[in-house]
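To start, the structure under review is shown below, and the notes come after it.
The values are calculated or read from the model by the stated rules, or taken from the named source; none is laboratory data. Not measured: the values here are computed from a predicted model. Don't worry about glycine lacking a Cβ; one is built from the backbone with ideal geometry, like all the others, and counts go over all protein chains shown. Accessible surface is based on the protein model in full, side chains and every heavy atom, while ligands, DNA and RNA are left aside. Shrake-Rupley method; radii C 1.70, N 1.55, O 1.52, S 1.80 Å.
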Amino acid sequence: MSTTLLGTKTVDQIAFVVRDIEEACENFAVLLGIPKPEWFLTGSHERSNVYYRGEPSNTQSKLVFIDTPSVQIELMEINEEPSTMKDYLEERGEGIHHIAFVTDTISNRMKYLEENNYKLLQSGEFTSDNKGRYAYLDTENACKTVIELLERETPQPKNVKDLIAEPLFGSRTITQIALVVENIDSVAGHYSRILDVDLPPKIKEGPKEITRVVYNGEDTRADATFMFFQTPTIEIELIQPGDEPSTWKEHLTKYGEGVHHISFEVDDLESKLVELNAKGYNTVQEGNFWNGNGRYAYLDTKEDFKVMIELLERYTNH
């Protein structure tokens, strides 16, 4: 068994807490261009054996799992019993509650994690056809999101549904999850330790004449510091906003640290923005990469998808 903390560097799942699972299923089906998925109800405590902060809990969830070419999306509508998801919903509202990693044996992992001060927050057993167990780590302060470990007794093959329509944003492959932080060095240190990887370089915003950022219709320098952790499935981006106006600074001021956006890559950003703006998804911020090698746009998508969505166009001729 690997002695690294998680035993893996692969993000397997991004999980959303929602208030209405039916509505979320409909919206995510449109987002990904697939048939509407069906949810199931997790078992009672007698089956699920859930413990939250060391105490038994009768929490149950309506769950949906949607495989995409990169990571699995989990949608969760929870009941009123104690759970980390209920706390998140009450404190932050709907949104991305955790990212998950599949590991070997959770009980063995916890020894190393607790020695490094990453404590157990909640645990339980799978109650679907696939046998296994899960553990949420108390990492929100350290990593600005909860990290989940999944232990599957049998491998779970990926089942990416056939398209029945064009994905709403032109792609169904999530390429990035980004978190806004106050101290990028501190948070990056935790991700470096947990993923067992070297610290990536820090990148500053580029010159204004290159980035040409527009935020809420106004030109801005949108100063920030960025770090990018590469995993086999998805990129984890950390963003420390500066003093100038930006969607990152607004998020930090209004909501505090945490997940800011997920990203999809497109071939023709400008034409996609025209199409999406016409559908009511307004552009919040857009600009060029710090080095001019691509372009990005953030869209106002939180009402439908519980997170801001970014579109990226990378220039291959640079």
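Observations on the model:
- Applying the criterion of being open to solvent by less than 70 Å² (accessible area, probe 1.4 Å) and small (Gly, Ala, Ser) to the residues of the stretch 81-130, the residue that is farthest from ARG152 (Cα to Cα) is GLY93.
- Among residues of the stretch 228-256, those that are open to solvent by less than 10 Å² (accessible area, probe 1.4 Å) and more than 16 Å from the chain's Cα centre (by Cα), counted: 2
- Failed item in (1) over 23 Å from GLY258 (Cβ atoms); (2) of a type outside the set (A, V, I, L, M, F, W, C); (3) in contact with a Ser or Thr (Cβ under 8 Å, 6 or more places away or on another chain), with GLU55 passing the rest: (3)
- Some residue of the stretch 153-163 being open to solvent by 20 Å² or more (accessible area, probe 1.4 Å), at pLDDT 95 or above, assigned to a loop (DSSP other than H, G, I, E, B) and of a type in the set (Val, Ile, Thr): yes
- Restricting SER186, SER128 to residues that are of a type in the set (Ser, Thr, Tyr) and over 26 Å from HIS261 (Cβ atoms) narrows the list to SER128.
- Just so you know, in the stretch 257-266 the residues that are open to solvent by less than 30 Å² (accessible area, probe 1.4 Å) and in contact with a Lys or Arg (Cβ under 6 Å, 6 or more places away or on another chain) include one that is farthest from ALA142 (Cα to Cα), and it is VAL266.
- Here ARG133 passes the criteria (1) closer than 18 Å to TYR51 by Cβ; (2) open to solvent by 40 Å² or more (accessible area, probe 1.4 Å); (3) in a helix (DSSP H, G or I) except the one numbered (3).
- Restricting attention to the stretch 42-78 and to residues that are within 23 Å of the chain's Cα centre (by Cα) and aliphatic (A, V, I, L, M), the residue that is surrounded by the fewest Cβ atoms within 10 Å (Cβ to Cβ) turns out to be LEU63.
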